[in-house]
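Single-structure report; data block below.
The values are calculated or read from the model by the stated rules, or taken from the named source; none is laboratory data. Just so you know, these numbers come straight off a predicted model, no measurement behind them. In this analysis, Cβ positions are derived from the backbone assuming ideal geometry, glycine residues included, and neighbour counts consider all displayed protein chains.
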Amino acid sequence: LVRFSASSSGRRRDRGISSGKRGTPGSSHLLPITAYFMGEEAPEFRVDRITLGSKDCQENAIVVGDKTYVIGRTDDDSKSSFGIKILDKLTQTWIVPTVLGAQPPSKSHSAILINEEKILVVEKGVSLNDSIWFLEIDTPFVKQQRKIKGSEVVSWSKGVLGVAQKPVVISGPSGVGKGTLIAKLMKEYPSKFGFSVSHTTRSPRVKEIDGVHYHFAGRSKMEQDISEGEFLEFAHVHGNLYGTSIEAVESVTDEGKRCILDIDVQGARSVRASSLEAIFIFVCPPSFEELEKRLRARGTETEEQIQKRLRNARAELDQSNSPGLFDHLLVNDNLEACYENLKKLLSLDDDHKDSDGCFIEDGKATACYSIMSKTESEVFLQSETGEVVKAAANLLAVDLSSLTGGAPGRTRGLKIHSINSIDNCLKGIR
Ligand SMILES: Nc1nc2c(ncn2[C@@H]2O[C@H](COP(=O)(O)OP(=O)(O)O)[C@@H](O)[C@H]2O)c(=O)[nH]1
Ligand SMILES: Nc1ncnc2c1ncn2[C@@H]1O[C@H](COP(=O)(O)OP(=O)(O)O)[C@@H](O)[C@H]1O
């Protein structure tokens, strides 16, 4: 249904703006689509109207190396959604990738390549807060998912205005007191911290509540969800499967709270390798004997399970020194002293910045911006409403340098500035 052609005669320098074109329902004419080339002059590509099983659609085509990503919106009577196809120029074949993550509201949109890892998609007719999206095409998360699935993968990530505090990863051997320290922190600062509720295949202990301490899950369902890219990390620990879902972290951060993760050393390693920027703390016991004493005194495990946990504790203590893995080591000897040290660490590392200069005044109002142009560090958006009620809101600049890693599914640290005049914008481009 899709034919692709590049006209050598019609070469043009079309780097910046792509406006979605609406095909006439039922027509089969060729539809010109702006193509983006990495530092090269782009041939004019023409893509037949893409039929994705519906009446109407709108496409943007973005060229990245040998691949062209076609982002199409498809409408039918009941709903509208995104269809993504990739043309491999070398093999001249179309690939339909697995699309991970919650997708944008799929109104009309414009798109531009940010770098080799992501495409910026700006939605129109939704609030500014909901309008900035990134299609991840080659981020570390996408690379990892491609490897797991053995096929092409892309992933949606929502741009979130403002800077969030870095999540805190707390690791340490079983019985060292991680849960106790985290419970104290949550009790003292209930509105500041939120706990990332992990999934596990282990059975609940007495007093453990499903959805509060863990999401207790069946192994096959959890494995299925992992294979579908819903987990930030997972590991086999003490004979069970444990994992942090992307939702577990992002739901806490979306509430405006700092997320605390209680995960093992393998999990900490995986988070280090992910896009999530976090602070990593390892909690050590004052001695191995004291660790054993605490584990027994807790009385939640059988003797066999205690032995397994103690064996694993030695390996975890060894790994705590891995270069570049943990930012801080905390010895939990006296509980109150250790808790005070933990609080000091968190305020020392408190990197919360005010969202200075962020254009969030009209964040909830319906926005209709389309991508106008791009520099190294900014993308300029122009209002399509035609009304210049506030001159400042007519042109916006999205600051690309401020983006920080969220868990897959969110791109945090988004800053949007208003530009006072077209001259400023043009100065930025020059
Ligand atoms: N990788 C990973 N480890 C987890 C996760 N949730 C808990 N853990 C770790 O699994 C280990 C066992 O946890 P648990 O069964 O609650 O026993 P406890 O540590 O003895 O209280 C601990 O080291 C936790 O930090 C998770 O989502 N991912
Ligand atoms: N500093 C401490 N001194 C003595 N006992 C402690 C201390 N910290 C925690 N404990 C106790 O040790 C046991 C294990 O603590 P817990 O928080 O469950 O460890 P973890 O979550 O690391 O497995 C619990 O019974 C807890 O009350």
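A few remarks follow.
- Criterion applied to Phe234, Phe216, Phe193 was being surrounded by fewer than 21 Cβ atoms within 10 Å (Cβ to Cβ), under 25 Å from Thr411 (Cα atoms) and in contact with a strand residue (DSSP E or B) (Cβ under 6 Å, 6 or more places away or on another chain), and the one residue passing it is Phe193.
- Every pair of residues 6+ apart whose Cβ atoms lie under 8 Å, when the first sits in the stretch 209-236 and is near ligand 1 (Cβ under 10 Å from one of its atoms) while the second is acidic (Asp, Glu): Tyr214/Glu208; Phe231/Asp225; Ala235/Asp264
- Given (1) within 16 Å of ligand 1 (Cβ to nearest atom); (2) buried (at least 24 other Cβ atoms within 10 Å of the Cβ), number of the condition Leu128 does not satisfy: (1)
- The stretch 237-259, subset of a type outside the set (A, V, I, L, M, F, W, C) and near ligand 1 (Cβ under 8 Å from one of its atoms), residue surrounded by the most Cβ atoms within 10 Å (Cβ to Cβ): Thr244
- Enumeration of residues in the stretch 310-333 that are more than 14 Å from ligand 1 (Cβ to nearest atom) and of a type outside the set (S, T, N, Q): Asp318, Pro323, Gly324, Asp327, His328, Leu329, Leu330, Val331, Asp333
- Screening the candidates Gln165, Gln145 for the property of being more than 16 Å from ligand 2 (Cβ to nearest atom) and either at pLDDT 95 or above or out of contact with any Gly (no Cβ under 7 Å at 6 or more places or on another chain) (or both) yields one hit, Gln165.
- Scope the stretch 159-179; condition among the polar types (S, T, N, Q) and either farther than 26 Å from Arg311 by Cα or within 21 Å of the chain's Cα centre (by Cα) (or both); matching residues: Gln165
- Restricting attention to the stretch 310-337, the residues that are within 11 Å of ligand 2 (Cβ to nearest atom), part of a helix (DSSP H, G or I) and buried (at least 17 other Cβ atoms within 10 Å of the Cβ) total 2.
- Qualifying residues in the stretch 185-202 (those that are in a loop (DSSP other than H, G, I, E, B) and at pLDDT 95 or above) - the one farthest from ligand 2 (Cβ to nearest atom): Thr201
- Candidates Val154, Val99 - the one that is at pLDDT 95 or above and not assigned by the TED database to the domain that holds Phe195: Val154
- Taken together, the criteria exclude Ile182 from residues that are part of a strand (DSSP E or B), at pLDDT 95 or above and within 16 Å of ligand 2 (Cβ to nearest atom).
- Single residue of Ile246, Ile263, Ile279 found to be touching a residue at least 12 places away in the same chain (Cβ under 8 Å), within 16 Å of ligand 2 (Cβ to nearest atom) and not small (Gly, Ala, Ser): Ile263
- Of the numbered criteria (1) at pLDDT 90 or above; (2) out of contact with any Ser or Thr (no Cβ under 7 Å at 6 or more places or on another chain); (3) not in a strand (DSSP E or B), the one Pro105 fails is (1).
- Residues satisfying the stated conditions in the stretch 82-104, i.e. surrounded by fewer than 18 Cβ atoms within 10 Å (Cβ to Cβ) and within 21 Å of the chain's Cα centre (by Cα): Thr98, Val99, Ala102, Gln103
- Taking the stretch 283-309 as the range and being within 11 Å of ligand 1 (Cβ to nearest atom) and either assigned to a helix (DSSP H, G or I) or within 30 Å of Ser402 (Cβ to Cβ) (or both) as the test, the residues that pass are Leu291, Arg294, Leu295, Arg298, Gln305, Ile306, Lys308, Arg309.
- Here Ile263 does not fit the description of being more than 11 Å from ligand 1 (Cβ to nearest atom) and within 28 Å of Pro190 (Cβ to Cβ).
- With respect to the stated conditions, Thr411 fails to be among the β-branched types (Val, Ile, Thr), at pLDDT below 80 and within 30 Å of Ile281 (Cα to Cα).
- Residues located in the stretch 136-176, provided they are crowded, with 22+ Cβ neighbours inside 10 Å and either of a type in the set (Phe, Trp, Tyr) or within 16 Å of ligand 1 (Cβ to nearest atom) (or both): Phe141, Pro167, Val168, Val169, Ile170, Ser171, Gly172, Pro173, Ser174, Gly175, Val176
- Of the set (1) of a type outside the set (Val, Ile, Thr); (2) in contact (Cβ under 8 Å) with a residue 24 or more places away in the chain; (3) touching a strand residue (DSSP E or B) at 6+ places or on another chain (Cβ under 7 Å), all apply to Leu335 but (3).
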